[in-house]
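The structure under discussion appears below in the form of structure tokens.
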Amino acid sequence: MRDGVRTVILAINAKYVHSSLAAWVIAGGVRKHARMRHGIQVAQANINQSIDAIAAQVTEHSPDVVGVSSYIWNAHLLPGLLRLLREKLPRAVTVLGGPEASHNAGFWLSYADYIICGEGEKSFPALLDELACGNPFTQRIIPEEQPTDDFIDPYSAEYFAAQQNRIEYIETSRGCPYRCAFCLSGGSKLRFFPVDAAKDQIVRLARQGAQTIKFVDRTFNCNPERAYELFEFCIGLKTDCRFHFEVAPDLFDARTISLLREAPPGRIQLEAGLQSFYSPALEASSRQTDLAAAQRNIRELLERKNIHIHVDLIAGLPYERLADFKNSFDRAYALGAHTLQLGFLKMLHGSEMRKREKSIVYAENPPYEIISSPWMSAGDLKILKTAERALQHTHNKGRFLSAVGYAQKASGMRPFEFYHSLGENTQSYAAPLEDYAWQIYSHLIKLNGVDAKILLGHMICDWMGMVKGKNMPKFMRIQGERAKHTAQEAKKLLGRCVERQEACLLPSGGGVFVDSQTRDPVTGLYRIYFISG
């Protein structure tokens, strides 16, 4: 096999802990399909780095070709980065792929030599072969490949050497059977990769010490039998690894629910997209969901407290007004999921929603988030943002859960009303946690029906359950002789002395202490114990 071109495949992730499966799949595609032996390096950066630092990761390899994946989270960096790479590597060929480039190729031609649309496992190595032979393509926009069942294993020795405690990703199917108008996967051909190959990859990732393995399958359980087999395999492994799946909650059958309810605590994480409870919005989005079945299945899965469940809503869908969305929020919150993600409609290049809904006003730059529509004014969306901020910094982060839960019920406020009020009266950004705790307490004690002593007790327990080795805020500290007794009882039960900040008194006169060595594998909170007064 002839030597080819030196190539860097650059992935720019949203966070350091993320990794790009796509970059390694493309590298695997080059190994499998290229006619020549190309030198391939995968470079992983993140959006918190400067473009100079990212460019340095590329230029150190002196590549002939640079391939870059484009997404809504990194697109804002790419024009400047690609210009810089042209300055530093004037002879290198730049190739841009990924969703942003695929669906907006004309724009990106100003910055890259070639645009690869859609999947690139075959078209990228074909381009490298031609470049190595001195035969550059005359067509700068390379059309989308015809989807095939071609299976590529991305997990090379180089992959494992580069991971460095990042989240692991795995793809066992590609495409989606549904046609949601806001999603780029809507209507794409659904293909399943071999189950035995998936099992082998899961074992290899787990043996390499992965803490979390996320399945990128768009609707993992769209084939119930196949999903059951892989769920069963993950549950049966002897590992401490967590497995995260995106699922359609209405598709679960009784057999699968029974299996999942027996999973070791924390082994399985499910992300369930509901998006809305307002039927006209779902219909306008071509969203097919049996809401009654979805709610029933989520509640049943939550009963055993062994699975972490994440529920999604999208604000800004056509026909859903503010009052309608508040109702969707309240119904979703009532399910009791560990995370309720309140997202905002993004008008993605290539989505049916962007092509069709011309009355929706959205940001010109990525991530193309909604600004206003005939159904949601800018003011309405600001109200939603306020509630979302409070929800994210308390409920979704596992902060002050019992205090917030008590205050919401005691006040009689509906969930959305409660979180909007909390968001208006607290400023969580960049505030130390002690200050944020005081802001929450100061607001909640003013609500009708809230007892200050009961609330303080909840705040103390929440703090101890969510924080390790951090002194309690002054307003929570209660002095008294029984503090020593609580510490002595903790020593008897735990078989070790507890730190000063691990035991304290409650307003009721009782004591509470925390086992900072035992964490709930589902919620991530430390276990707390009560000593009666």
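Readers should treat all values here as calculations from the given coordinates under stated rules, not as data from a laboratory. Just so it is clear, the model here is predicted, and its values are computed rather than measured. Neighbour counts are summed over all protein chains in view; Cβ atoms, including those assigned to glycine, are modelled from backbone coordinates with ideal geometry.
For the reader, a short list of remarks on this structure follows.
- Amide H within-cut-off set for Asp520, under 5 Å, with H built and near neighbours excluded: Leu525, Tyr526, Arg527
- Helix 123-132 and the long axis of the chain differ in direction by around 50°, with both axes built from C-alpha atoms.
- Hits among aspartates and glutamates - C-alpha to C-alpha of Lys397 under 13 Å, sequence gap 8 or more where chains match: Glu388, Asp462
- Calculated mean residue ellipticity at 222 nm for the chain: -11500 deg cm²/dmol, from DSSP H runs with n ≥ 4 weighted as -39500 (n - 2.57), summed, divided by the residue count and rounded to 500.
- Euclidean distance of C-alpha centroids, segment 237-292 and segment 62-111, integer Å: 36
- Long-range amide H partners of Glu271 with built H, under 5 Å: Phe245, Glu246, Val247, His310
- Residue-count net charge about Leu433 - beta-carbon cut-off 13 Å; Lys, Arg +1, Asp, Glu -1: +1
- Candidates Ser402, Tyr333, Tyr529 compared by Cα position along the dipole of the chain: farthest toward the positive end lies Tyr529, with charges placed on Cβ.
- In a simple Cβ point-charge model (Lys, Arg +1; Asp, Glu -1; nothing else charged), the chain has a dipole of about 1220 debye relative to its Cα centre.
- Under the Debye formula (equal points on every Cα, no solvent term), log10 I(q)/I(0) of segment 420-483 at q = 0.22 Å⁻¹: -1.02
- Straight-line cross-link reach from Lys199 at under 18 Å between alpha-carbon atoms covers these lysines, not counting any fewer than eight positions away in the same chain: Lys214, Lys238.
- Within segment 1-108, the trypsin sites (Lys or Arg not before Pro) that combine a DSSP coil assignment with at most 16 other C-beta atoms in a 10 angstrom radius are Arg2, Lys15, Arg35, Arg91.
- Cα-based reach from Lys484 at 21 Å (exclusive), listing lysines while leaving out same-chain residues under 8 positions away: Lys468, Lys470, Lys474, Lys492
- The slack in the chain from Gln163 to Arg179, taken as 0.36 nm per residue of separation less the alpha-carbon distance, amounts to 2.4 nm.
- For segment 6-115, the list of GluC sites (Glu not before Pro) that fall in a loop by DSSP and count at most 12 other C-beta atoms within 10 angstrom reads Glu60.
- Whole-angstrom Cα spans of segment 378-459 along principal axes, big to small: 39, 29, 19
- Restricting the calculation to Cα atoms, segment 273-414 yields a radius of gyration followed by a Dmax of 15.8, 47 Å.
- Over 20 Å [Cα-Cα, segment 1-115], rounded percent: 36
- Averaging Cα coordinates gives a centre for segment 463-502 and one for segment 1-55; these two points are 50 Å apart.
- Divided by 2.2 N^0.38 Å, where N counts the residues, the Cα radius of gyration of segment 167-370 comes to 1.05.
- Radius of gyration and maximum dimension Dmax of segment 166-283, Cα, Å: 14.7, 47
- Averaging the sequence gap over all C-alpha pairs within less than 8 Å and six or more residues apart, then dividing by the number of residues, gives the chain a relative contact order of 8 percent.
- Normalised per residue, the volume of the convex hull around the Cα set of the chain (Å³): 163
- The chain: angle of helix 433-444 to the longest principal axis, Cα-based, in degrees nearest 10: 60
- Within segment 399-497, trypsin sites (Lys or Arg not before Pro) in DSSP loop having at most 10 other beta-carbon neighbours inside 10 Å: Arg496
- Segment 1-66 shape via C-alpha gyration tensor axes, a/c threshold 1.5: oblate
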